[in-house]
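Here the structure is laid out as structure tokens; the discussion comes afterwards.
The values are calculated or read from the model by the stated rules, or taken from the named source; none is laboratory data. Keep in mind the model is a prediction, meaning the values are calculated, not measured. Because the Cβ atoms are built from the backbone with ideal geometry, glycine has one as well, and the counts that use them run over all protein chains shown.
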Amino acid sequence: MCKLHYQDLLKKVILRSFLSIISILFISTIFAQTRSNQLIQVLVSPDHEDWTYQRKQDVQFKVTVLKNQVPIAGVPIRYTMGYEKEKPTDTGTLQSSKYEVILLSKKPDRPGFLRCEALVNIDGVEYKGIATAAIAPNEIKITQQAPADLMSFWDKAIKDARKITLAPKMELLPAQSTALYDVYAVSFQHYRWGSRIYGKLVVPKKSGKLPAVVQFPGAGVRNYVGYTALAEKGFITLQIGIHGLPLDQDPSVYSELLNTSLKEYWFYNLDDKDQYYYKRVYLACIRAVDFLETLPQYDPNKLIVYGHSQGGGMTLFSAAMDKRVKGYVAVYPALCDLAGYQHHRAGGWPHVGAATNPQTQKADKLETARYFDAASYANKIQVPGFFTWGYNDDTCPPTSYYSVYNSISASKEVYVAQPTGHWTYPEQLQKVEDWIINFFK
């Protein structure tokens, strides 16, 4: 792939409004994989309440097909079982009954995540249920080997970025502000002249120095409205985008970019660590904190970074590489143990080296990924962290984030909501907020 610069990307944009509809349908499909309000439901449940097993312990999956929330019999159930992202080790077809159908996996011996998928076809419509058993998850090890020059690479990159003046801009948004806080549209230069990061800053109307949370974004291209819930609790909050886009565009602009010039941006220039797209993204993490330090209300001794998915991967980078960070929250983090596929098991999003992404299997691309993989630097994290995720995540495989979690020696805790995929229950988000609010007490 030729070297791409951000300005070149923007020049290629030709708006097509129908692409926004495609994006919505794509997102709906992802959610339908693991939770459903459909008339027909396929329920798959492990026989352990916590979905967790020791090695060499039998795993039973119970499958029930419901219509109107009542079990139905005589429906063919096609099923597969196997470790996530690997070729199934067991497949077959059974008939549903008015009681549960039992599928057995005998004594799996390898730490990882064993997934059972069950599908039925009723009146031409296919319905799917999944459940994933954790096999000794705390024994999962990282497969990635950190480059010998990892720290010198990032030390130089950060030093070079800081040669660029921030030139911050802040615009008060009265219509979004309240009696409790002010909301600002902000931007600042970050890794080269003219390249700006845009975000939403929310500042409580309180006296004295205030703690802060920087929230990093999940993958995609979108607007940001500001993290106001924590601002109401007395935290300065800063949400940033990563693509250098102003936040006042029509939604169709962001959708168009995601489907054209920024489509699969996570693979842009993957053959060169100095030009790879995530270099500018990770440097934005550092520069966002540099921006916070320009605010007179900010207490530099009270900083938390936080993100979901891609934002979770950015969070781990920030916690490892920025000593100003005092705590962090990562929700089903991406960019974890990207080398997994080279070792015949699941790797983290964006699935570099996977058979589904053959263009990323070249040696130079796998080499670049080492510098951006949380598995390479998670052991450098020295501050407390909070994690939450589920076992059914097909986007960021739990094998990948457990391997990184297990490699962190600093204080940490995880709240597991087993049935969740690449989404969260409200209870998880409440746990996140409670952890942040109580962190500096």
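Going through the stretch 91-139 one residue at a time, which ones are acidic (Asp, Glu), closer than 23 Å to GLN418 by Cα and either assigned to a loop (DSSP other than H, G, I, E, B) or at pLDDT below 95 (or both)? So that I can check it myself, show each step before the final result.
From the stretch 91-139, those acidic (Asp, Glu) are 100, 109, 117, 123, 126, 139; that's our starting set.
Narrowing the set further to residues that are closer than 23 Å to GLN418 by Cα leaves 100, 109, 117, 139.
Within the stretch 91-139, GLU100, ASP109 qualify.
Which residues, counting only those in the stretch 389-434, are among the charged types (D, E, K, R) and within 21 Å of ALA319 (Cα to Cα)?
Residues satisfying the conditions are LYS412, GLU413, LYS431, GLU433, ASP434.
Can you tell which of CYS336, CYS285 is in contact with a Ser or Thr (Cβ under 6 Å, 6 or more places away or on another chain), among the hydrophobic types (A, V, I, L, M, F, W, C) and not in a helix (DSSP H, G or I)?
Being in contact with a Ser or Thr (Cβ under 6 Å, 6 or more places away or on another chain), among the hydrophobic types (A, V, I, L, M, F, W, C) and not in a helix (DSSP H, G or I) holds for just one of CYS336, CYS285, which is CYS336.
Given (1) loosely packed, with under 14 Cβ neighbours inside 10 Å; (2) under 30 Å from MET321 (Cβ atoms); (3) assigned by TED's automatic domain parsing to the domain that holds LEU295, where does ALA157 come up short, assuming only one miss?
With (1) loosely packed, with under 14 Cβ neighbours inside 10 Å; (2) under 30 Å from MET321 (Cβ atoms); (3) assigned by TED's automatic domain parsing to the domain that holds LEU295 applied to ALA157, the lone miss is (1).
Looking at (1) in contact with a Ser or Thr (Cβ under 9 Å, 6 or more places away or on another chain); (2) outside any loop (DSSP other than H, G, I, E, B); (3) of a type in the set (Asp, Glu), which is the one condition that is false for ASP394?
So the condition that ASP394 fails would be (2).
Hey, can you tell me all the residues within the stretch 221-251 that are polar (S, T, N, Q) and modelled with pLDDT of 95 or more? Break it down into steps so the answer makes sense when it comes.
The initial filter retains those residues of the stretch 221-251 that are polar (S, T, N, Q), namely 223, 228, 237, 239, 249.
THR228, THR237, GLN239, listed by residue number.
Six or more apart or on different chains, Cβ under 9 Å: which pairs go from a residue in the stretch 312-326 that's of a type in the set (S, T, N, Q) to one that's part of a helix (DSSP H, G or I)? Could you list them?
Pairs that qualify, where the first residue is of a type in the set (S, T, N, Q) and the partner is part of a helix (DSSP H, G or I), are THR315/CYS285; SER318/TYR282; SER318/CYS285; SER318/ILE286; SER318/ALA288; SER318/VAL289.
Please determine, by comparing only the residues of the stretch 297-333 that are in a loop (DSSP other than H, G, I, E, B) and basic (Lys, Arg), which one is surrounded by the most Cβ atoms within 10 Å (Cβ to Cβ).
LYS326
Quick check on the stretch 339-369: of everything there that is part of a helix (DSSP H, G or I) and of a type in the set (S, T, N, Q), which residue is surrounded by the fewest Cβ atoms within 10 Å (Cβ to Cβ)?
Going through the qualifying residues, I end up with GLN359.
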